[in-house]
Amino acid sequence: MITIWEKEIPGWDSQIEQRVPALDPYLVKTDLPVGAFVVCPGGAYIHKAKHEGKDVALWLNSIGLSAFVLDYRIAPYRHPAPLSDARRAVQFVRAHAAEYNINPGKVGIIGFSAGGHLAASAAVYPLEADPTAADLVERVSSAPDCLILGYPVISMERFYHQGSRDSLLGPDPEPAVVDQMSLEKHVHGQMPPAFIWHTADDQSVPVENSLMFTSALSKAQVSFALHILPRGRHGLGLAQEQPEVAVWTDLAAKWLKQIGF
């Protein structure tokens, strides 16, 4: 595991028993620099689903991309701790691109369920590069170069997942914070191309989350691909046990080639 915070961790609470935010690398062995993804497993901001971490990283390796599974802060930590970790993770990979044989212009982020909310948050609210920063990681932008979301939590206002909202924002959040983290309301034209997939009958995170997000992308003229599969439970990950849903990985791989990733 690679610790992403070299000095003080913003919002760190020594009374909370959690690991320091870190990346678990899965690197492709190649002579030329490759693209890479920060992987954000889901888990309602209260745990992290293993099958949405390592399994996804190995799939990315199989299509020639390196991957870094992010161990981000979860409840009882609340916003903005997870977002701080996700932005830092993208910056860290980009700043250390030469060390890991990564193309610094091809650093994406992928997330599932609440991890999808985290990945999308990193795309909506990136940190700009600070060329004068003493910290080398802060000298590069946290803006991902592409975005992949699987059955993502998007809104904290409509069609939201109660568990994710409570874990991230608390039981009685301020209206301004609810608005801020309802990502469909804050999509902008500087966001990277996005690939989103969902199942139409998802009983945990309604498909409207993906529909609202892609509608906002369309209005902002951000390139995207949206795939709604008819049936499939929430949290399928690579969906290997359900072939009609597992096609999303082939579709995503083709899309990544189309965008030059």
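A few notes on this one:
- Matching residues, the range 223-235, being within 16 Å of the chain's Cα centre (by Cα) and closer than 17 Å to SER204 by Cβ: GLY235
- Taking the range 12-55 as the range and being among the small types (Gly, Ala, Ser) and surrounded by 15 or more Cβ atoms within 10 Å (Cβ to Cβ) as the test, the residues that pass are ALA22, GLY35, ALA36, GLY42, GLY43, ALA44, ALA49, GLY53.
- Where GLN162 falls short, out of the listed (1) surrounded by fewer than 16 Cβ atoms within 10 Å (Cβ to Cβ); (2) among the polar types (S, T, N, Q); (3) in contact with a Pro (Cβ under 7 Å, 6 or more places away or on another chain): (3)
- Residue among ALA120, ALA129 that alone is at pLDDT 95 or above, among the small types (Gly, Ala, Ser) and under 12 Å from PRO192 (Cα atoms): ALA120
- Exclusive hit being touching a helix residue (DSSP H, G or I) at 6+ places or on another chain (Cβ under 9 Å) and in a strand (DSSP E or B), set HIS198, HIS188: HIS198
- Some residue of the range 8-19 being assigned to a loop (DSSP other than H, G, I, E, B), touching a strand residue (DSSP E or B) at 6+ places or on another chain (Cβ under 9 Å) and of a type in the set (A, V, I, L, M, F, W, C): no
- Candidates ASP55, ASP85 - the one that is in contact with a Pro (Cβ under 9 Å, 6 or more places away or on another chain), of a type outside the set (Val, Ile, Thr) and assigned to a helix (DSSP H, G or I): ASP85
- From VAL137, VAL93, residue being under 15 Å from the mean Cα position of the chain (by Cα), part of a helix (DSSP H, G or I), farther than 25 Å from PRO206 by Cα and in contact (Cβ under 8 Å) with a residue 60 or more places away in the chain: VAL93
The values are calculated or read from the model by the stated rules, or taken from the named source; none is laboratory data. Just so we're clear, the structure is a prediction, and the values are computed from it rather than from any experiment. Using ideal geometry, Cβ is built from the backbone for each residue, glycine included, and neighbour counts are taken over all protein chains shown.
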